[in-house]
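Here's the structure we're looking at; comments come further down.
The values are calculated or read from the model by the stated rules, or taken from the named source; none is laboratory data. These numbers were taken from a predicted model, which means no experiment stands behind them. With ideal geometry, Cβ positions are generated from the backbone for all residues, glycine too; neighbour counts draw on all protein chains shown. To get the accessible areas, we keep the full protein, side chains included, count just its heavy atoms, and leave off ligands, DNA and RNA. Shrake-Rupley method; radii C 1.70, N 1.55, O 1.52, S 1.80 Å.
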Amino acid sequence: MSTPRPAHPGSTATTQVRGACPHDCPDTCALITTVQGGVAVRVQGNPAHPATDGVLCAKVSRYHERTHHPDRLLQPLRRSGPKGSGRFDPIDWETALTEIAARLSAIAARDPQGIVPYSYAGTMGLVQGESMAGRFFHRLGASLLDRTICSAAGGEALLQTLGGKLGMKVEYFAESRLILIWGSNSIASNLHFWRLAQQAKRAGARLVCIDPRRTETAEKCHEHVQLRPGTDAALALALMHELIVNDWLDHDYIERHTLGWEALRERALRWTPERAAEVCGVPVAQIRALARDYGTTPAPAIRLNYGMQRVRGGGNAARAVACLPALVGAWRHRAGGLLLSNSGRFPVRRDALQRPDLLAGRSPRTINMSTIGDDLLRPASDAFGPRIEALVVYNSNPVAVAPESAKVVAGFGREDLFTVVLEHFQTDTADWADYILPATTQLEHWDIHPSYGHTDVLLNRPAIAPLGQALPNTEIFRRLARRMGFTEACFDDDDESLCRSAFGDAVDFDALLAQGFAPLRVADAPFAEGGFATPSGRCEFFSARLARQGLDGLPDHLPNYEPRDGAAPYPLAMISPPARNFLNSSFVNLRSLRDIEGEPLLEISAEDAAARGIASGGMVRVFNDRGDYHCRAEVSERARPGVVHGLGIWWRKFGARGTNVNELTSQRLTDLGRGPVFYDCAVEVEAV
């Protein structure tokens with residue numbers, strides 16, 4: 001199975017090409033694309049890749065539908081109607097790039113920091129992500145982007161506790177005897193881990209789901225701890241309390257491989273199960289039993305995910321959970337410990353790809369992508385710098401996914417804002433562009449991928465020629481660099497060369513070419529003898545680095561900015577977990593998946609629905625001071641009283657009144673990492 005060149009339309013050959021899933025998912029699946037007559041007709045999992053094992057989720061198994069979708073953008077477009085109208089005329093590449101370069105050059109002559117790149121994980125690839133794009137914006141001197149919108153708080157928590165985004169190897173969950181699935185609907189968002197958890201379950205393991213929502217995963221576990229949103233740190237501290245008072249501790253591991261034990265012990269002893277039960281809204285007995293299971297089961301394992309860190313105290317909560325394995329010595333065993341992310345294991349040569357040296361001594365300001373709504377509306381000032389005059393969006397759909405979307409839309413609607421969007425489809429964000437540039441999909445370009453859920457590098461080779469006039473992101477930025485007069489040789493590097501340079505000699509590129517993946521050499525039990533990547537080399541319960549920033553060096557529970565309060569004007573806590581058949585805002589435009597998902601929903605408990613005269617299937621208005629959102633209600637046992645679930649992320653244009661759930665979320669930031677607080681949101685609901 002190989003093809004040295006992508007198949008072109010008109011070819012009669014049938015080929016199979018190895019690739020990689022580009023989407024923001026821990027599984028990073030290895031793909032095999034079948035091509036007939038230059039058309040991708042099937043996408044399946046690569047059975048030779050152990051982590052994928054031939055299995056794909058329902059979304060990515062339809063990836064060829066996405067590539068060959070009739071609504072694909074296949075030529076450059078220039079706005080012909082009012083901003084936001086979605087009206088555009090086709091133009092040629094030469095005209096588009098010349099006009100865009102002229103506008104950007106004029107802004108750069110005033111202050112290049114007035115130009116802001118906006119991108120995230122529309123592709124997780126290192127090449128189509130931030131390689132040539134990074135070079136372009138560094139050479140330009142544009143504002144830097146703080147890419148915080150998904151995992152910033154949890155990532156900072158791991159850095160301060162374990163020394164980086166590091167954890168146990170996912171394959172050894174199959175050998176665990178107790179698995180805590182904490183803040184993860186693994187059936188929907190981490191399918192291959194779920195298969196390992198089921199393997200462990202068949203061998204006698206106990207599965208416990210900790211989640212505010214009764215997810216599909218919670219239904220399949222032995223137990224569900226349905227805590228309130230934003231109370232995870234309180235639960236973790238109460239578990240520590242019980243480990244201490246019952247002496248379910250590995251004293252030798254604590255003494256030799258941790259830092260700050262006495263201070264953590266003192267704090268944890270304040271968190272009795274009774275206190276935590278009051279905060280979390282779960283029974284005292286359930287907390288005690290969970291602690292007993294965790295403290296007495298050999299090598300317990302925790303699969304932590306990012307939903308729980310999207311609240312005010314998300315960083316502290318992730319730190320508290322990350323401390324648990326060291327207390328019981330779970331890290332001694334390959335089937336014990338914790339996994340949130342293993343992305344820190346990949347020796348990516350980011351400087352070689354993105355070339356920050358092209359800044360040539362300049363130090364541009366940094367814009368946080370999670371506050372883009374406010375920042376687009378800010379005037380120039382000494383503190384902020386120049387007003388944002390231009391936005392170049394790629395691999396993201398901020399009008400749909402960024403918080404407090406009414407402000408995001410107002411910012412994109414500024415008549416003096418120049419906006420360029422690289423896209424596959426005319427998304428909510430593309431509707432507000434001045435120019436839309438058609439980008440290739442994963443089946444049409446080279447890329448190379450690390451993972452945060454396993455420890456293999458994957459290579460993606462183009463299976464088909466680019467459709468229409470679509471170009472890879474890299475080629476768009478190459479051509480734009482030439483129009484801007486950038487003459488550095490690095491803008492001539494082709495995509496295969498970029499793939500080769502991503503890891504240098506650390507990964508065997510010939511192995512990637514031959515089989516599509518190459519495992520990293522990682523110890524089976526990476527922290528069995530300590531060796532954490534922290535400054536002390538220990539698991540740092542107490543972080544001196546945080547203390548030097550004026551922050552608490554120990555993990556603690558921080559109440560939500562907007563806690564559930566039945567007497568408040570907005571008495572319900574709302575979380576907005578992903579709809580099962582979408583991936584963030586990707587795949588929303590695929591009718592086959594949208595038909596499965598149905599329509600935008602708000603899950604609400606029977607108790608809260610009855611109190612408001614809401615019937616299942618009826619339209620409701622969900623609202624707070626930031627805005628309102630209309631959708632259909634589903635009275636559901638998935639929601640606990642006092643908490644509602646606005647399933648996302650639907651494109652606004654598919655919403656009942658042209659909005660989505662992010663009309664309600666705020667731009668406040670997490671305690672660590674400067675991340676968004678999507679799940680820290682108080683609302684009221686009324687029948688329409």
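What about Ala322, is it in contact with a Ser or Thr (Cβ under 7 Å, 6 or more places away or on another chain), part of a loop (DSSP other than H, G, I, E, B) and either open to solvent by less than 50 Å² (accessible area, probe 1.4 Å) or of a type in the set (Val, Ile, Thr) (or both)?
no
For the range 476-516, which residues satisfy the criterion of being without any contact (Cβ under 8 Å) to a residue 24 or more places away in the chain and among the charged types (D, E, K, R)?
Arg482, Asp492, Asp494, Arg500, Asp505, Asp508, Asp510
Select from the range 220-265 the residues that are on the phi > 0 side of the Ramachandran plot and crowded, with 18+ Cβ neighbours inside 10 Å and write down the one among them that is nearest to the chain's Cα centre (by Cα).
Within the range 220-265, the match that is nearest to the chain's Cα centre (by Cα) is Gly230.
What residue, among those in the range 194-207 that are under 27 Å from Ala579 (Cα atoms) and in contact (Cβ under 8 Å) with a residue 24 or more places away in the chain, is surrounded by the most Cβ atoms within 10 Å (Cβ to Cβ)?
Ala197
Give the residues of the range 177-202 that are touching a Ser or Thr at 6+ places or on another chain (Cβ under 9 Å) and closer than 17 Å to Asp293 by Cβ, sorted by residue number.
Arg177, Leu178, Ile181, Ala197, Ala200
Considering only residues that are in contact with a Phe, Trp or Tyr (Cβ under 9 Å, 6 or more places away or on another chain) and at positive phi, which ones fall in the range 179-210?
Within the range 179-210, Gly183 is the sole residue that qualifies.
Matching residues to (1) touching a Phe, Trp or Tyr at 6+ places or on another chain (Cβ under 9 Å); (2) buried (at least 24 other Cβ atoms within 10 Å of the Cβ); (3) of a type in the set (Gly, Ala, Ser); (4) modelled with pLDDT of 95 or more:
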| site | (1), (2), (3), (4) |
| --- | --- |
| Arg270 | no, no, no, yes |
| Ala276 | no, yes, yes, yes |
| Gly281 | no, no, yes, yes |
| Ile287 | no, yes, no, yes |
| Leu290 | no, no, no, yes |
| Thr297 | no, no, no, yes |
| Arg310 | yes, yes, no, yes |
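Assuming Leu191 fulfils every condition listed in (1) modelled with pLDDT of 95 or more; (2) open to solvent by 30 Å² or more (accessible area, probe 1.4 Å) apart from one, which condition is it?
Only one criterion in (1) modelled with pLDDT of 95 or more; (2) open to solvent by 30 Å² or more (accessible area, probe 1.4 Å) is unmet by Leu191, namely (1).
Every residue in the range 446-497 that is assigned to a loop (DSSP other than H, G, I, E, B), over 30 Å from Lys169 (Cβ atoms) and within 24 Å of the chain's Cα centre (by Cα), please.
The answer is Pro472, and nothing else.
Looking at the range 540-568, which of the residues that are at pLDDT below 95 and not hydrophobic (A, V, I, L, M, F, W, C) is surrounded by the fewest Cβ atoms within 10 Å (Cβ to Cβ)? Don't jump to the end; show me each part of the working.
Kept after step one, since they are at pLDDT below 95, are these residues of the range 540-568: 563-568.
Checking the rest, the ones that are also not hydrophobic (A, V, I, L, M, F, W, C) come to 563-566.
Values: Pro563: 17, Arg564: 21, Asp565: 14, Gly566: 9.
Checking each candidate, the answer is Gly566.
Going by the conditions given, is Asp456 at pLDDT 95 or above, over 14 Å from Leu97 (Cβ atoms) and of a type outside the set (A, V, I, L, M, F, W, C)?
yes
Among the residues of the range 487-497, are any of a type in the set (Phe, Trp, Tyr) and either farther than 18 Å from Phe137 by Cβ or surrounded by 23 or more Cβ atoms within 10 Å (Cβ to Cβ) (or both)?
no
As an exercise: evaluate Gly134 against (1) crowded, with 24+ Cβ neighbours inside 10 Å; (2) under 21 Å from the mean Cα position of the chain (by Cα) and give the number of the one condition it does not meet.
(1)
Got at least one residue in the range 329-337 being modelled with pLDDT of 95 or more, out of contact with any Leu (no Cβ under 7 Å at 6 or more places or on another chain) and of a type in the set (A, V, I, L, M)?
Yes - at least one qualifying residue is present in the range 329-337.
Quick check on my filter: what residues within the range 277-311 are of a type outside the set (Val, Ile, Thr) and in contact with a Ser or Thr (Cβ under 8 Å, 6 or more places away or on another chain)?
Cys280, Gly281, Ala299, Pro300, Ala301, Arg303, Leu304, Asn305, Tyr306, Gly307, Gln309, Arg310
Show me the helices (runs of 4 or more DSSP H) found entirely inside the range 237-308 where at least 2 residues are in contact (Cβ under 8 Å) with a residue 60 or more places away in the chain.
Filter on the range 237-308 gives 251-257, 261-268, 284-296.
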